Amino acid sequence: MPTMREDLLSSLDYSLGLPTHELAQRLLAEIPRHIQNGIFHPDSVTRAVVDGPIPADLIPHPNFQQKQRLELALATAFSWLEQRGLVIKAPGINGTNGFRVLTSEGVKLANRPTFDQFRAAEAFPESSLHPSLQGRIWAAAVRGEFDSAVAQGFKLLEERVRAAGGFKKSDIGVNLMRAAFKPGSGPLTDTAQDGGEQQGYMELFAGAAGAFKNASSHRTVSYSDIREVQQVLMFVSLLLHVIDTRAGGTSPPENDGQQSTSDCPPYPSASCSSARW
């Protein structure tokens, strides 16, 4: 496996244009080469990448201006890692002298697919979802429990329709949605809309129940990409907001009784209290 120096300097102009998170991921793979007694110094990693070993290797050295730009880019990438708790200050005098520790999450994210998963989860803020999906359902999604998150989301949607429409627990699935949004007479139908719109909302909710809720009830549905799960949960979120509007504009208690997880890192293995996760 090539070193970070070989990787970056083999195509320096391209490397200098990399976004910070891409350099950060490369640092996570490089840092273990420089750890001694569990700690490392960012300056030592930077020197190894920019200046190379002694005696010199055969990799062309950057010119002065390129060297300054590369050093600044690496410093920014180290800051990115520290902000996310992937690299932390070493305890005691070592930390005071600038030494750092690679956390267990940082070790895992040296793996490219895991890092990409982290980035996708980071781009999925809890606040983007309906309050009822925040807390345990959002947390399940960013922990990588994709099937569970989707199933819980659609179960919650069905429960909200039953409660808002005054239905019995035995009313479920597609039939429940068709009754709740039946054009002209459904308890959640907006009769101010024209007939086509009313029909469309009924089909929208019935289709959601048939395509997602029924599927997860009858067979194992496997999701492998957090981006797909984000889109599904955003769809559920939209439907929940429609129910809030039809039920008189009142939303259920935030997080559906669950404590907020907004202060938890958006990564499956990050540490959070059991109440939040």
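Listing for the model above:
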read-out	value
Subset of segment 214-234 that is under 14 Å from A120 (Cα atoms) and β-branched (V, I, T) - its residue that is modelled with the lowest pLDDT	I226
Complete set of residues in segment 124-144 that are surrounded by 17 or more Cβ atoms within 10 Å (Cβ to Cβ), in a loop (DSSP other than H, G, I, E, B) and not hydrophobic (A, V, I, L, M, F, W, C)	H130, Q134, G135, R143, G144
Any chance A121 is crowded, with 16+ Cβ neighbours inside 10 Å and either closer than 27 Å to A29 by Cβ or within 14 Å of the chain's Cα centre (by Cα) (or both)	yes
Test: residue in segment 99-106 that is assigned to a loop (DSSP other than H, G, I, E, B), farther than 20 Å from D244 by Cα, modelled with pLDDT under 95 and in contact with a helix residue (DSSP H, G or I) (Cβ under 6 Å, 6 or more places away or on another chain)	no
Single unsatisfied condition, F205 versus (1) aromatic (F, W, Y); (2) more than 26 Å from R227 (Cα to Cα); (3) buried (at least 21 other Cβ atoms within 10 Å of the Cβ)	(2)
Of all residues making up segment 142-162, the number that are more than 24 Å from A206 (Cα to Cα) and not basic (K, R)	3
Given (1) out of contact with any His (no Cβ under 6 Å at 6 or more places or on another chain); (2) not in a helix (DSSP H, G or I), index of the condition D116 fails	(2)
Filter result (polar (S, T, N, Q) and part of a helix (DSSP H, G or I)) within segment 61-98	Q65, Q66, Q68, T76, S79, Q83, N94, T96
Test for F78: is it surrounded by 14 or more Cβ atoms within 10 Å (Cβ to Cβ), free of Cβ contacts under 8 Å to residues at least 60 places away in the same chain and aromatic (F, W, Y)	yes
Search result, residues across segment 1-15 that are surrounded by 15 or more Cβ atoms within 10 Å (Cβ to Cβ) and either within 27 Å of the chain's Cα centre (by Cα) or not in a helix (DSSP H, G or I) (or both)	T3, M4, S15
Close pairs from segment 147-161: first under 10 Å from V232 (Cα atoms), partner among the basic types (K, R) and in a helix (DSSP H, G or I), Cβ under 8 Å, at least 6 apart	F154/K213
Scan of segment 35-81 for residues that are in contact with a His (Cβ under 6 Å, 6 or more places away or on another chain) and either charged (D, E, K, R) or closer than 15 Å to T3 by Cα (or both), ordered by number	S44, V45
Qualifying residues in segment 37-69 (those that are among the aliphatic types (A, V, I, L, M) and at pLDDT 95 or above) - the one surrounded by the fewest Cβ atoms within 10 Å (Cβ to Cβ)	I39
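The values are calculated or read from the model by the stated rules, or taken from the named source; none is laboratory data. Computed from a predicted structure; not experimentally measured. Reconstructed Cβ throughout: ideal geometry from the backbone, glycine too, with neighbour counts over all protein chains shown.
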